[in-house]
Amino acid sequence: MDFKIIAIDGPTGVGKSTIARQLAEKLGYLYVDTGAMFRCLAWRWGKQGCPESDHLLEELGDQTRIVFKDEKVICDDNDVTQEIRTERISGLASRISRFPLIREVLKKQQMALVEEVRKSSSYLGAVLEGRDVGTVVFPGADFKFFVDASPEIRAKRRMLQLRERGENANFEEILVDLRKRDFQDQNRKVAPLMAAEDAIIVDTGILSAAQVLEHLLSCVGGKIEVS
Ligand code: DC
């Protein structure tokens, strides 16, 4: 059976991770959270004082080791699974993602990861979620989805998520921050966030998580064996 690639792109807080993880599990595919890779670089970048010179960015990209293992994200031998999810790292990740050098390094790593898995036949395919998977990293992906929802709906979800974790969460602050990140992601010069021309657009604002998964499965269903 052919190894298949499914790209799921969309803005921050839209529920991409949940959707992509569930879809991958259902299909027996590898799940790749490309945002976590940007977050790892941002985590290390923050520790170095956020240098912006080409030389230091290149070094950062080349020397940072990112490993996904048992649902954990390991960066340079540190378990950063929780730490890279803070609002601070979200902001730094959005900032560092505008540098072409960083995007190039991570694009290569994403391609290499998928190639390694394809060759090893350990999975039937891969589901990658991010901002530019269907437009830049894998423009030839077998399926491309662009998931979207209004900033207000995404901010409300984020607020509930933070409150559930016992953290302080103010709707207006979250909304302002989310719009700022949307703006940065959509307006950077290299690989800005946008739907690929041939992407299937999915509005998660009007569908429950279960309905989104069902919809995606029905889109790939005819062409991929679904267990
Ligand atoms: O999906 P996320 O929120 O974990 O992503 C964090 C940041 O990384 C986001 O603001 C933009 C950047 N990113 C990117 O530019 N390209 C990707 N493929 C994934 C994430």
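All of the numbers you see were taken from the coordinates with simple rules; none came from a lab. Predicted model only: the values in this text are computed from it and were never measured. Cβ atoms come from the backbone with ideal geometry, glycine included; neighbour counts cover every protein chain shown.
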### Query
What is the distance, in nm, between label points placed 7 Å from the Cα along the Cα-to-Cβ direction at ILE74 and at ARG88?
2.5
### Task
Give, in nm to one decimal, the length gained when the segment between ASP54 and MET111 is fully stretched (0.36 nm per residue of separation minus the Cα-Cα distance).
18.3 nm
### Query
Over region 15-154, what relative contact order in percent results from Cα pairs under 8 Å that are six or more residues apart?
35
### Task
List ARG188, ARG165 from most exposed to least, where exposure is judged by having the fewest other Cβ atoms within 10 Å.
ARG165, ARG188
### Message
Counting only helical runs of four or more DSSP H residues, what would the 222 nm mean residue ellipticity of the chain come to if each run contributes -39,500 (n - 2.57) and the total is spread over all its residues?
### Response
-15500 deg cm²/dmol
### Task
Run the numbers on region 91-227 and let me know its relative contact order in percent, using alpha-carbon pairs under 8 Å that are six or more apart.
31
### Summary
Surpassing 18 Å at the alpha-carbon level, of the pairs LYS47/LYS189; LYS4/LYS144; LYS107/LYS189, are LYS47/LYS189
### Query
Roughly what % of DSSP beta bridges within the chain run antiparallel, to the nearest 5?
25
### Message
Sorting check: for 25-32, 124-131, which peptide has the highest mean count of neighbouring beta carbons within 10 Å, and how do the rest follow?
### Response
124-131, 25-32
